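Inspection log for the structure reproduced underneath, given as structure tokens.
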Amino acid sequence: MENLLALAADPAAWAALTTLVVMEVVLGIDNLIFISILTNKLPEHQQSRARKIGIGMAVFMRLGLLSTIAFIVQLTQPLFSLFGRDFSWRDLILIAGGLFLIWKATTEIHDTVANAGHGKEKSAAVGAATLTMTSAIGQILVLDLVFSLDSIITAVGMTEHLPIMVVAVVVAVLLMLLAADPLARFIGNNPTIVMLALGFLLMIGATLLAEGVGVHVPKGYIYAAMAFSALIEGLNMLSRRKGRKE
């Protein structure tokens, strides 16, 4: 309790908490986009529930990882060498997650293009027929593991105080929970946004794969590219809306 009170009275601790919350939210955007696109293929009455379950499980997964910080640190230790490079468990998880995300984004892009002329209702029906609640939650958990690991390693690198990490993770996931339904509705109501978001997931998957094989890609470049693409798409949407009004 004394340690918690000391942290609460320390301005540096509050600064670290604020910075970490922002970082956790930014890292969570990738996961939220994936969850939104995936759950939009479920029957309408299951979509919100699947999002809440997926994000809720992310809370427990991240808190569970935080309780094993010593184990998390060991995940970055070399496991074996191949072609002159050391690979750790973290590298293998990032490679697997990147390949999964590339595969998932590619198949979703294929389905979106194939069903482009069928209308929103038929596309949703096709998605509902090929995706079950259990399958959706399972896929969400796979990506939750990858993004949670990246999130926790970031948290460990930014502060040594476990309470700050816990609070930052809980706040970030609660914000994700609040934003999940509005974001999913926005993506579902704007077909061009779906393709843009799938492009983001493809780029994020390639980034995870590159990180896993030792090629560091600065996150700032990725998020700058995403922000610029979103800005252009926003201008296109305004242009189309203005054209319809005229």
Quiz item: Near the amide H of residue 88, under 5 Å away, which other amide H atoms are found, from residues 5 or more places off or on another chain, if H is placed in the peptide plane?
Solution: 79
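How much length, in nm to one decimal, is gained on full extension between residue 225 and residue 134, taken as 0.36 nm per residue of separation minus their Cα-Cα distance? Don't jump to the answer; show the numbers that get you there.
Details: separation 91, 0.36 × 91 = 32.76 nm, distance 3.33 nm.
Extending this stretch completely gives an extra 29.4 nm.
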Quiz item: When Lys and Arg each count +1 and Asp and Glu each count -1, what net charge do the other residues less than 15 Å away from residue 54, Cβ to Cβ, add up to?
Solution: +3
Quiz item: What residues have an amide H closer than 5 Å to that of residue 41, excluding those fewer than 5 places away on the same chain, when H is modeled at 1.01 Å from N in the peptide plane?
Solution: none
Practice problem: Please work out the ratio of the alpha-carbon Rg of segment 165-246 to 2.2 N^0.38 Å and round it to two decimals. | Solution: 1.38
Exercise. Kindly write out, for segment 206-221 in residue order, the coupling ³J(HN,Hα) from the Karplus curve 6.51 cos²θ - 1.76 cosθ + 1.60 (θ = phi - 60°), rounded to whole Hz, with x marking Gly and Pro.
Key: 5, 5, 4, 5, 5, 4, x, 9, x, 9, 7, 10, x, 4, x, 5
Quiz item: What ³J(HN,Hα) values, in whole Hz, does the Karplus curve 6.51 cos²θ - 1.76 cosθ + 1.60 give for segment 33-39 when θ = phi - 60°, with x put for Gly and Pro?
Solution: 4, 4, 4, 4, 5, 5, 6
Practice problem: Pop out the ³J(HN,Hα) list for segment 186-196 in order, Karplus 6.51 cos²θ - 1.76 cosθ + 1.60 with θ = phi - 60°, rounded to Hz; leave Gly and Pro as x. | Solution: 5, 5, x, 8, 10, x, 5, 5, 4, 5, 4
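The numbers here are math on the coordinates, done by the rules we state, and not lab data. Treat the numbers as computed from the prediction; the structure is a model and nothing was measured. Using ideal geometry, Cβ is built from the backbone for each residue, glycine included, and neighbour counts are taken over all protein chains shown.
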